[in-house]
Amino acid sequence: MTSVMNHDTYDYVVVGAGSAGCVVAARLSEQPDVRVLLLEAGGPDSHPDVQNPVMWPTLFKGELDWGYDTQPLRHANDRIDHIPRGKMLGGCHSHNASAWVRGHSADFDTWADQGNAGWDWQSVLRLYRKIENWQGPASELRGTGGPMWVTPNAEPNPIAAAFVEAGSTVGIPSVADNNGPTMEGTSFFNLTIKDGRRYSVVHAYLQPAIERPNLTVLTCAETQRLSLDGTRCVGVNYVHDDTEKTAFAEQEVILCAGVIGSPRALLLSGIGPAKDLNELGIPVVADLAGVGRNLQDHPLLGGINYECKGALPEPRNNGAESAMWWRSDPQLTSPNIQAVILEFPFATPELVGRLPSEHCYAIAPSVARPASRGTVKLVSADPSVAPAIDVNFLARDADIEAMLVAVDICREMGASSAYNDLRKREIMPGNLGRADMIEFIRQSVSTYFHPTGTCKMGIDAQSVVDPELRVCGITGLRVADASVMPTVTTGNTNAPTVMIGEMAAELVQVSP
Ligand SMILES: Cc1cc2nc3c(=O)[nH]c(=O)nc-3n(C[C@H](O)[C@H](O)[C@H](O)COP(=O)(O)OP(=O)(O)OC[C@H]3O[C@@H](n4cnc5c(N)ncnc54)[C@H](O)[C@@H]3O)c2cc1C
């Protein structure tokens with residue numbers, strides 16, 4: 001990647017080269033007369049463990065991860081969880097498990113019903129079709145010829161195949177494509193993997209754009225604050241080569257720094273809840289109550305673990321190839337629980353000692369529509385101090401009830417005949433009464449890596465951006481990344497974030 005600084009002044013400055021930022025910068029730079037700067041705090045994505053899609057768990061807490069830990073989880077025995085976030089070109093799409101899940105149509109129709117005109121399922125479907133280069137069977141719902149290579153799973157691990165088969169033993173159908181007419185049932189993930197290598201937004205969007213003379217990509221350039229002239233955003237202040245610099249944007253700054261980075265940059269710039277800013281001595285530019293609030297993540301259990309009969313089959317593709325979506329209550333109109341198979345053992349630090357040293361696989365249940373909400377708050381006006389991340393898992397009883405049902409279904413699937421050739425025994429949790437199972441859930445809950453919502457899009461008092469993604473009360477500034485989701489989608493969050501990037505690029509051009 002080039003990292004040549006051509007100008008101090010651009011038309012657009014994009015902060016953060018992650019799932020959304022790469023899309024925004026690449027699309028805006030398609031107009032040859034427009035100058036675009038993309039600033040990324042991390043370095044390149046060239047590490048072999050980034051490019052090998054099965055190695056994602058090895059990146060946790062390493063130099064390519066921001067290294068964020070949560071506040072003590074008040075409803076999970078005050079445990080502390082790690083929230084991995086990719087710090088490199090591609091952001092979390094360079095760190096993630098390569099599953100491509102667009103979400104349930106109801107996710108987007110709900111956003112639109114809340115006042116976010118233009119974000120309904122039919123509208124976002126147009127963008128998904130524009131994004132995708134789908135390699136599976138032709139379907140009106142899928143796109144071909146777009147930048148993102150998306151493929152059905154070839155030659156899945158027998159552990160993952162058994163999970164898809166196991167659904168029928170508990171009355172859950174298998175679906176051919178969870179990005180097709182329905183996601184509800186068991187299925188193999190679509191993958192953003194090509195020829196055995198990760199295929200991220202860097203490959204799909206940034207690399208084809210990088211030679212454009214009007215696009216400058218600067219790595220190891222961390223934005224600290226927005227540059228504001230009153231309530232107009234005129235650029236960003238960033239550090240590069242240990243030097244503080246300013247890049248000016250004649251049109252707009254688009255903040256794509258992710259669910260932690262975007263609220264952090266706004267708060268450091270005086271955009272956020274006035275009371276919190278006053279306490280830290282940060283001058284208030286816009287009193288926006290919702291900045292850093294509304295944090296939502298899918299709680300994932302680590303996990304229902306099994307000892308394998310013989311040697312564990314080697315993890316394939318992303319090591320987590322199949323999933324299940326279902327309803328914890330038949331009265332619901334769409335799925336609210338998910339589970340994922342893991343072709344390796346998976347337990348929280350508190351429970352990992354219960355596992356034998358090898359030959360284990362896990363089923364990890366999750367709540368796909370959590371009711372609990374958390375926060376991202378600054379603890380200092382110093383940009384080098386990490387914010388306090390309170391994910392607040394299991395704060396609402398509804399999440400515990402949904403998780404109990406998910407655990408029951410997954411244990412039944414794991415005990416079914418589909419696993420007869422693989423399963424030696426269930427290691428944990430085993431048959432537990434309700435109180436003990438809830439205690440197991442509190443000990444084993446962790447992130448599904450899908451935090452969202454901290455710069456919520458909407459039209460109410462808690463909204464940080466309007467439906468055109470413009471920051472309320474500030475001109476020349478948008479946010480476009482997973483932080484703008486009003487509610488987390490029912491599935492994994494990468495594809496919706498790429499879609500948000502595409503939407504942002506269009507909005508910048510049609511509604512300045
Ligand atoms: C381990 C893991 C596994 C996952 N697995 C999946 C999966 O299989 N499928 C799926 O759909 N989703 C998955 N996700 C979630 C998904 O990848 C994210 O929701 C999505 O990538 C978020 O995109 P984003 O653009 O909001 O943020 P990011 O991709 O995090 O991009 C933000 C970028 O901004 C940069 N940045 C932050 N602050 C600054 C600053 N101050 N200055 C400059 N740059 C800055 C960051 O370094 C980063 O590159 C996973 C995530 C992780 C971490």
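Odds and ends about this structure:
- Single residue of segment 17-49 satisfying the filter (in a strand (DSSP E or B) and buried (at least 24 other Cβ atoms within 10 Å of the Cβ)) that is farthest from the ligand (Cβ to nearest atom): V36
- Consider segment 50-61 and keep the residues that are touching a residue at least 40 places away in the same chain (Cβ under 8 Å) and assigned to a loop (DSSP other than H, G, I, E, B). The one that is farthest from the ligand (Cβ to nearest atom) is N52.
- Yes/no for L301 being of a type outside the set (D, E), closer than 27 Å to F189 by Cα and either out of contact with any His (no Cβ under 9 Å at 6 or more places or on another chain) or open to solvent by 10 Å² or more (accessible area, probe 1.4 Å) (or both): yes
- Residue match in segment 183-202 (condition: touching a strand residue (DSSP E or B) at 6+ places or on another chain (Cβ under 8 Å), in contact (Cβ under 8 Å) with a residue 24 or more places away in the chain and assigned to a helix (DSSP H, G or I)): yes
- Matching option when the condition is open to solvent by less than 30 Å² (accessible area, probe 1.4 Å), within 26 Å of P72 (Cβ to Cβ) and not hydrophobic (A, V, I, L, M, F, W, C), among D399, D382: D399
- Of all positions in segment 454-468, none carries a residue that is away from the ligand (no atom under 16 Å from the Cβ), outside any strand (DSSP E or B) and within 22 Å of Y306 (Cβ to Cβ).
- Counting only strands (runs of 3 or more DSSP E) wholly contained in segment 373-440, the ones carrying 1 or more residues that are within 25 Å of A362 (Cα to Cα) occupy 423-428.
- Only residues that are touching a strand residue (DSSP E or B) at 6+ places or on another chain (Cβ under 6 Å), among the charged types (D, E, K, R) and not in a strand (DSSP E or B) were counted across segment 277-307, and they come to 2.
- The residue of segment 212-238 that is surrounded by the most Cβ atoms within 10 Å (Cβ to Cβ), among those that are outside any strand (DSSP E or B) and in contact with a Gly (Cβ under 8 Å, 6 or more places away or on another chain), is T219.
- Count of segment 394-452 residues which are among the acidic types (D, E) and under 18 Å from I341 (Cβ atoms): 4
- Selected residue (only one of R126, R142 is in contact (Cβ under 8 Å) with a residue 12 or more places away in the chain and of a type in the set (K, R)): R142
The values are calculated or read from the model by the stated rules, or taken from the named source; none is laboratory data. These numbers were taken from a predicted model, which means no experiment stands behind them. Cβ: placed from backbone, ideal geometry, glycine included. Neighbour counts: every protein chain shown. SASA here: full protein model, heavy atoms, side chains in, ligands and nucleic acids out. Shrake-Rupley method; radii C 1.70, N 1.55, O 1.52, S 1.80 Å.
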